[in-house]
Amino acid sequence: MHEDAVRFLSQPVQAQPGSPLRVAVYSRIAEAIRNSLLTPGSMLPTETELGADMKVSRTVVREALMLLEEDGLIRARRGVGRFVADTLPRTGIERIRPFEEVLGGPGQHLEIKRIQRERQPASEFVAPGVGVEPGADCWLWESVLIRDGEAIAHLQENISALPMSLGSGSAAAPLDIEDDGGSTLLASLNNRFGKVLGPGECQISLSQVGPSRAKLLDLRAADPVLVLTQYVRHANRPFYLAKCLIPARAGHLSVMQSLQS
């Protein structure tokens, strides 16, 4: 690893109020990747080496690396190590739906259990997805989706907390969406403004749930989960970002397709 990268990663890491240390470690490594201090395709130091450089525990580093892999910034090669992705993830332009519509079904009772709703600085991953600079204020809604009494998904949704306009001709103002505790953020936005958002994209990957989220979903830390990352645009600008972890117990998911000539 280049001396500039070592020097950058070795600066003191401090968690923001209300945000776990793994997010600060994630943001530091992500910033090094996006600033090309860690170059595409290069091999990352081991968990132990990163922990020593950043003065945090190996467990915190492991969880941060797991998030980086989920978000497409790094890739793991079994028996070899972790590498910076050759190309950074992009946002796309396909239609999406709120997750209670995706995971609910006829005759099923789906409940939204809110874990937290707070204003916090945007991480290196969240910032481009909601159209702000890293560190700018954004809203985080974190929820567990419970279907027929069983936890089937962990959902984190983000939008900018900066002033903006959603309605036609309306003045820009901060979006302080009222939380009724029974809907996801995307559904609440649709209910308030109508279906004016879009287009968007849903990226699909596979990961392990990790210790903190495992407790919320009644899983083991090493259990596999499907990771659905949703990007939504408004007025052709990044607006909304969500990451949903879904265990196998959730059952089948359908992807709508159309035949084009």
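Quick note: the coordinates plus some simple rules give every number you see, no bench work behind them. Remember, predicted model here, so these are calculated numbers, not experimental data. Using ideal geometry, Cβ is built from the backbone for each residue, glycine included, and neighbour counts are taken over all protein chains shown.
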Roughly how big is region 3-84's charge dipole about its Cα centre, with Cβ charges of +1 (Lys, Arg) and -1 (Asp, Glu), in debye to the nearest 20?
160 debye
Positive minus negative residues near Ser27 (Lys, Arg vs Asp, Glu; Cβ under 14 Å):
-2
Under-5 Å amide H pairs with Leu44, H placed in peptide plane, nonlocal only
Arg82, Phe83, Val84
Estimated FRET transfer efficiency when R0 is 45 angstrom, pair Glu49-Lys113 (beta carbons, to 0.05)
0.70
With the charge dipole of the chain built from beta-carbon charges (+1 for Lys and Arg, -1 for Asp and Glu) about the Cα centre, the Cα from Ala222, Gln108, Asn236 projecting farthest to the positive end belongs to Ala222
Can you compute the charge dipole magnitude of the chain about its Cα centre, using +1 on each Lys and Arg Cβ and -1 on each Asp and Glu Cβ, nothing else charged? Give it in debye, rounded to the nearest 20.
340 debye
What are the ³J(HN,Hα) values, in whole Hz, obtained from phi via the Karplus relation 6.51 cos²θ - 1.76 cosθ + 1.60 with θ = phi - 60°, for each residue of region 128-141 in sequence order, with x given for Gly and Pro?
x, x, 10, x, 10, 7, x, x, 5, 5, 9, 8, 10, 10
Distance cut-off 22 Å, Cα to Cα: go down the list Lys195/Lys243; Lys55/Lys243; Lys113/Lys215 and report the pairs above it.
Lys55/Lys243
Divide by every residue of the chain the summed helix terms, -39500 (n - 2.57) for each DSSP H run of at least 4, and state the resulting mean residue ellipticity at 222 nm, rounded to the nearest 500 deg cm²/dmol.
-7000 deg cm²/dmol
Taking a quarter of the surface of the Cα convex hull of region 4-55, what do you get in nm²?
3.5 nm²
Could you work out the local net charge near Gly81, counting Lys and Arg as +1, Asp and Glu as -1, over the other residues with Cβ closer than 14 Å to its Cβ?
+2
Once you put a point 7 Å from the Cα of Ala172 and another 7 Å from the Cα of Asp223, both along the Cβ direction, what distance in nm separates them?
4.4 nm
Given contacts defined as C-alpha pairs under 8 Å and at least six residues apart, what's the relative contact order of region 99-250, whole-number percent?
22 percent
Under the Karplus relation 6.51 cos²θ - 1.76 cosθ + 1.60, θ = phi - 60°, what is the ordered set of whole-Hz ³J(HN,Hα) values for region 233-248, x standing for Gly and Pro?
10, 9, 6, 6, 10, x, 9, 9, 9, 9, 10, 10, 9, 10, x, 4
Label-to-label distance, nm, for residues given as Asn35 and Arg7 (7 Å Cα→Cβ offset)
1.1 nm
